[in-house]
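The values are calculated or read from the model by the stated rules, or taken from the named source; none is laboratory data. The structure presented is a predicted model; accordingly, all values stated were derived computationally and were not measured. Cβ placement follows ideal geometry from the backbone for every residue including glycine, while neighbour counts extend to all protein chains displayed.
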Amino acid sequence: MADEKGKEKIRSIDNAAITLIEKAQKENVSTVFFRADELKPCPIGVEESCCKICGMGPCRLPRPKKAGEEKDRAGVCGATIETIVARNFARKIAAGTASHSDHAREVAETFLKTAQDEAQGFAIKDEVKLLEVALDYGIETEGRESREIAIDVGKKALEQFGKQDGELVYIKKAPLKRQEIWRKLGVVPRGIDREVVEMMHRTHMGVDQDYKHLMLQATRTALADGWGGSMISTDLQDIMFGTPVPILGTFNTGVFKEDQVNIVVHGHEPFLPELLVTATHDPEMKALAEKVGAKGINLTGMCCSANEVLMRHGIPCAGNFLQQELALVTGAVELMTVDVQCQMQGLQDVSECYHTKLVTTSDRAKIEGAIHIEFHPENGLDTAKKILRMAIENYPNRRHAVYIPAETQDAVVGFSHETINYLLGGLFRASYKPLNDNIINGRIRGVAGVVGCNNVRTVHDSAHIAMVKELIKNDVIVLTTGCAAMACGKAGLLTPEAARLYAGSGLAEVCEAVGIPPVLHMGACVDNSRILIAATALVKEGGLGDDISDLPAAGAAPEWMSEKALAIGQYFVASGVYTVFGTTWPTLGSEKVTKHLFEEHEELYKGMWAYEPDPIKAAGMMIAHIDKKRKALGLDKARERVLYDMAMRRALD
Ligand code: BF8
């Protein structure tokens, strides 16, 4: 589609997406790309200069158009623009934390049912991690059966949500210096639910009306996500479904197969996707597929559900956030399941244009018009088979000529913290030492976390890829999750060869020696907790300071769109990480609030926010921060390269 000036609009850098957008346009199918053309963002809302939390408003308080026309802005109740902007921002963080943490609650409940033999088709798979987590929770393991330990772990995990005082257990996993900062500022979360509820209370009309005070609670809420809900999800999912190890995966919409039954699992919770993996191997299902004329069953994923089954089973990923409707436009998808988060309501309309059955599976989320088959762990496998049968039986109903783009890209995925530890140090000496050594000797300049969404207000995937390429070219190793990880996968950056093709010579040398890609796929969005643990491991390994804020490291979400991304950003900042967001920034309505987040947060947390929509400039800002940290550590001077002989190596051991 052409823009107002008649120019063809570039919507994606992914050819598979481009061809499917064109197909949708020809077939008159409405997708997010066209809806975005028709619906421009509200200029007042985009900078959060609008308060609609009571019935006296909404109070719209735009910034003056011309410099010098600035005057005090306040709502009818007298709430200042600072209060309004901070309140809006804090509420988004509360929503993001609630999303990750409600997911975590479901995980903890299912985990407990699994331990009590009440979950059909699930088991405790990673007993080593079970013991580690039990240790974190202070649970006795000596002489006890795994099942008993797991029951205690499940109960202790569930307690984290309703606790009223004290500290979340995982806070103690952070470097000691970081814990001290949090305690001094009074931002250590007491209980996950308590922080979210208090945030909602404090942002109600007429409660907390001091933007700095509001931001302290927003920080406590975000920490309850990163070092609470998200970390619980990651740990318990690993114990139930296996801690990821590197595995070959395939990315992009080309993973669909014309002559097979195509199913897409979309959303965030890994339960049904795990059981669909099991169900697809059932001979009865295979026979049914044959009976309807299909050559097989092709299970694929979308968004973070994809990340979960991709990194544990190698299930192909059909695309990231902006590709969810496009997957259906292929006409090749028999059935898509959705559970919670990031699933567009537009999917239902698109599914009706083809033969696809859209199935909602969570008791917390329905979509009008979609089929609802609720998933419960007690009969999870039966539900998975029911859904699979429905998909197979829908195969003969394809109405349109199927078009599957050619694009697919192989990748190596599944770099959990445990795997990085093992890959770098080996089974008996698992450690981050080689990574620390290579950061210290300068072969690796620093570490960057590039995470987050797609946003239709920017060219799909373009900012992710430009930023990541710029970082690795400058010897910065990249850790990635969520839709950013998928963008990297599609662009071929998650392969060991990418080191030779795109990385600077130092990083390439290390990647080639260890056999890893320069960009490490660490999982879904809840798995940003893995990045926190990896950063802590770098600190604990020694030689790079005594806090996360000392590391030559930075974070970014160049195409963010969700409230979860803001919660993630705030907990990274509060953990000491310089964090740059692109696309848009939701506090521009108030200079004071923005200054508080971008500058004053550094004094409080030694980490701060930044906003830069140009991904190359943003990467430059991250590299400058990394260099600043290297200088503070005394690592800025060029080091002599020392070639180690055997005696020197032994001395090292
Ligand atoms: O949690 S990266 S668009 S899919 S919010 Fe959503 Fe953003 Fe993707 Fe996963 Ni995360």
Residues (part of a loop (DSSP other than H, G, I, E, B) and within 16 Å of the ligand (Cβ to nearest atom)) located in the range 431-458: Val451, Gly452, Cys453, Asn454, Asn455, Val456, Arg457, Thr458
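Yes/no per residue for (1) surrounded by 17 or more Cβ atoms within 10 Å (Cβ to Cβ); (2) over 18 Å from Ile568 (Cα atoms); (3) out of contact with any helix residue (DSSP H, G or I) (no Cβ under 9 Å at 6 or more places or on another chain); (4) of a type in the set (D, E, K, R):
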{"site": "Ala90", "(1), (2), (3), (4)": "yes, no, no, no"}
{"site": "Asp102", "(1), (2), (3), (4)": "yes, no, no, yes"}
{"site": "Asp117", "(1), (2), (3), (4)": "no, yes, no, yes"}
{"site": "Glu127", "(1), (2), (3), (4)": "no, yes, no, yes"}
{"site": "Ile149", "(1), (2), (3), (4)": "yes, yes, no, no"}
{"site": "Asp165", "(1), (2), (3), (4)": "no, yes, no, yes"}
{"site": "Lys172", "(1), (2), (3), (4)": "no, yes, no, yes"}
{"site": "His201", "(1), (2), (3), (4)": "no, yes, yes, no"}
Checked the range 267-278 for anything within 16 Å of the ligand (Cβ to nearest atom) and within 23 Å of Lys295 (Cα to Cα); matches are Pro273
Considering the range 335-383 alone, what residues qualify as being within 16 Å of the ligand (Cβ to nearest atom) and among the acidic types (Asp, Glu)? Asp339
Go through the range 52-73 and report how many residues are within 15 Å of Asn88 (Cβ to Cβ) and either in contact with a helix residue (DSSP H, G or I) (Cβ under 6 Å, 6 or more places away or on another chain) or among the aliphatic types (A, V, I, L, M) (or both). 3
Set Glu541, Glu559, Glu509: member being at pLDDT below 95 and among the acidic types (Asp, Glu): Glu541
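Residue-by-condition table, conditions (1) within 19 Å of Phe572 (Cβ to Cβ); (2) assigned to a helix (DSSP H, G or I):
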| site | (1), (2) |
| --- | --- |
| Arg178 | yes, yes |
| Val188 | yes, no |
| Gln209 | no, no |
| Gln237 | no, yes |
| Asp259 | no, no |
| Ile263 | no, no |
| His268 | no, no |
| Leu276 | no, yes |
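Rundown of residues vs (1) buried (at least 24 other Cβ atoms within 10 Å of the Cβ); (2) within 18 Å of Gln260 (Cα to Cα); (3) of a type in the set (D, E, K, R), yes/no style:
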site	(1), (2), (3)
Asn307	yes, no, no
His313	no, no, no
Cys317	yes, yes, no
Phe321	yes, no, no
Gln348	no, no, no
What single numbered condition from (1) touching a helix residue (DSSP H, G or I) at 6+ places or on another chain (Cβ under 7 Å); (2) in the same structural domain as Leu538 (by TED's automatic domain parsing); (3) modelled with pLDDT of 95 or more fails to hold for Val413? (2)
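Going through the range 583-604 one residue at a time, which ones are assigned to a loop (DSSP other than H, G, I, E, B) and not β-branched (Val, Ile, Thr)?
Pass one, the range 583-604, residues assigned to a loop (DSSP other than H, G, I, E, B): 583-590.
Residues satisfying the conditions are Trp585, Pro586, Leu588, Gly589, Ser590.
Rundown of residues vs (1) surrounded by 22 or more Cβ atoms within 10 Å (Cβ to Cβ); (2) within 16 Å of the ligand (Cβ to nearest atom); (3) not assigned by TED's automatic domain parsing to the domain that holds Asp527, yes/no style:
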{"position": "Pro558", "(1), (2), (3)": "yes, yes, no"}
{"position": "Ala567", "(1), (2), (3)": "yes, yes, no"}
{"position": "Ser575", "(1), (2), (3)": "yes, no, no"}
{"position": "Glu600", "(1), (2), (3)": "no, no, no"}
{"position": "Tyr605", "(1), (2), (3)": "yes, no, no"}
{"position": "Asp614", "(1), (2), (3)": "no, no, no"}
{"position": "Lys617", "(1), (2), (3)": "no, no, no"}
{"position": "Gly620", "(1), (2), (3)": "no, no, no"}
{"position": "Lys628", "(1), (2), (3)": "no, no, no"}
Report, ordered by the first and then the second residue, all pairs with beta carbons closer than 6 Å, sequence separation of six or more or different chains, a first member in the range 465-488 that is near the ligand (Cβ under 10 Å from one of its atoms), and a second member that is in a helix (DSSP H, G or I) and of a type in the set (Asp, Glu). Thr481/Asp527
Has the range 503-521 got at least one residue that is more than 16 Å from the ligand (Cβ to nearest atom), farther than 27 Å from Cys303 by Cα and charged (D, E, K, R)? yes
Can you name the number of the only condition in (1) within 27 Å of Arg630 (Cβ to Cβ); (2) in contact with a strand residue (DSSP E or B) (Cβ under 6 Å, 6 or more places away or on another chain) that Trp585 fails? (1)
Residue by residue through the range 581-598, note down the ones that are within 16 Å of the ligand (Cβ to nearest atom) and of a type in the set (A, V, I, L, M, F, W, C). Phe581
By residue number, the members of the range 260-276 that are crowded, with 20+ Cβ neighbours inside 10 Å and over 15 Å from Phe375 (Cα atoms) are Val261, Asn262, Ile263, Val264
Tally of residues being part of a loop (DSSP other than H, G, I, E, B) and either in contact with a helix residue (DSSP H, G or I) (Cβ under 7 Å, 6 or more places away or on another chain) or at pLDDT below 95 (or both) across the range 190-199: 1
Looking at Asp636, Asp614, which is the one that is under 22 Å from Pro558 (Cβ atoms) and not hydrophobic (A, V, I, L, M, F, W, C)? Asp614
Identify, please: which residue in the range 150-165 is among the aliphatic types (A, V, I, L, M) and either touching a residue at least 60 places away in the same chain (Cβ under 8 Å) or not assigned by TED's automatic domain parsing to the domain that holds Ala119 (or both) and is, among those, farthest from Phe122 (Cα to Cα)? Ala157
Condition set in a helix (DSSP H, G or I) and more than 16 Å from the ligand (Cβ to nearest atom), scope the range 313-334, selection nearest to the chain's Cα centre (by Cα): answer is His313
Within the range 213-229, is there a residue that is surrounded by fewer than 20 Cβ atoms within 10 Å (Cβ to Cβ) and under 29 Å from Cys50 (Cβ atoms)? yes
Just one listed residue, out of Lys295, Lys386, is among the basic types (Lys, Arg), in a helix (DSSP H, G or I) and more than 16 Å from the ligand (Cβ to nearest atom), and it is Lys386
